[in-house]
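Structure, as structure tokens:
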Amino acid sequence: MLRNTHEAPPDAGKARYVRAMFGAIAGRYDLLNTLLSFSAHKWWRRVALRRCALRPGMTALDVGAGTADMALGMAARVGPEGQVLGVDFCEPMLRVGARKVAARGLDGRVRLLAGDAQALPLADGSVDAAVTAFVLRNVTDVPRTFREMARVTRPGGMVVSLELSRPASPLLRRLYYLYFYRVLPRIGGMLSRKDAYTYLPNSLTDFHSPEELAEMMRAAGLEEVRALRLTGGIVAVHAGRVPGGSLPPTAEEPHGIEPGGAAAREGAGDDDLRGALGGA
Ligand SMILES: C[S@@+](CC[C@H](N)C(=O)[O-])C[C@H]1O[C@@H](n2cnc3c(N)ncnc32)[C@H](O)[C@@H]1O
């Protein structure tokens, strides 16, 4: 695995804690993801992957790749001529990911690298799209992570985030917090490390709203920023385009998320926040 030689990111204390925590739960991470989200994470991932507008032969990046679910989804989209890079600072998570990649015979297409999301070990404009899933709550500097993703993505390419969020409806939010603070740490504690699943709700309580994340993407220089709430706002997908270049919409998924369009048909009740966010 390549080593990241860039400068150390700020707030090394949080980074150390996060790396150790994911290192401790790496073996159970996939199982718990599926159990605790009732498998919904698989659909959320597909929605985010479509926003990447990937085509066969492209190069894609998964930031905070962990056990490589997004990297594997990208590999299917870029095909045998394409390439996927996954970067994560937790080697036990990457080792689980590497086993999954090997089991699918995709070693030649997917490379997993040790590195920091806030100082990506990649050249400017070197990938066609960059995605990050369930990572931003864990980094110390979200704007810097978006700037890095925008830096390494070529003009016209997409930068996409999938992250847990807080439901908009007060009733749903109460139920959600009940689940997150009471149920989830118990199940997590039975099957894995309890403190990791106590950290999860805490990391969400203070996390940025979808509107704030969209603003950070714009501040990182991204254009046409769109945010989409899924499953009543439990998660949000954000997508923005690096200025310049051209990337015509794929037949599969146009970047513009129109009300009543493909995304809306996929999940009744999902909110396109474009209007509320004043997205370009
Ligand atoms: C909740 S897991 C998500 C893993 C994967 N993206 C997925 O969708 O399942 C968060 C991952 O982000 C990684 N991570 C957190 N902060 C990071 C950073 N600053 N640089 C690189 N990886 C980071 C952790 O090591 C962990 O593997």
Per 0.36 nm of contour for each residue apart, how much would the distance between Asp11 and Arg182 grow if the chain were fully extended, relative to their Cα-Cα spacing? 58.7 nm
How far apart, in nanometres, would the label points at Phe38 and Asn202 be if each is projected 7 angstrom from Cα along the Cα-to-Cβ direction? 2.8
Pull out the extension gain between Ser209 and Arg174, defined as 0.36 nm times the separation in residues minus the alpha carbon to alpha carbon distance; nm, one decimal. 10.9 nm
Student exercise, the range 4-151 dipole from Lys, Arg, Asp, Glu Cβ charges, in Debye to nearest 20: 520
Give me the distance between the Cα centres of the range 65-87 and the range 122-158, rounded to whole Å. 15
Would you kindly state how much longer the chain becomes between Arg46 and Asp107 on full extension, computed as 0.36 nm times their sequence separation minus their alpha carbon distance, in nm to one decimal? 19.8 nm
Please report, to one decimal in angstroms, the Kirkwood hydrodynamic radius of the range 81-140 built from all distinct Cα-Cα pairs. 12.6
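Quick note: the coordinates plus some simple rules give every number you see, no bench work behind them. The structure displayed is predicted, hence computed values, not measured ones. In this analysis, Cβ positions are derived from the backbone assuming ideal geometry, glycine residues included, and neighbour counts consider all displayed protein chains.
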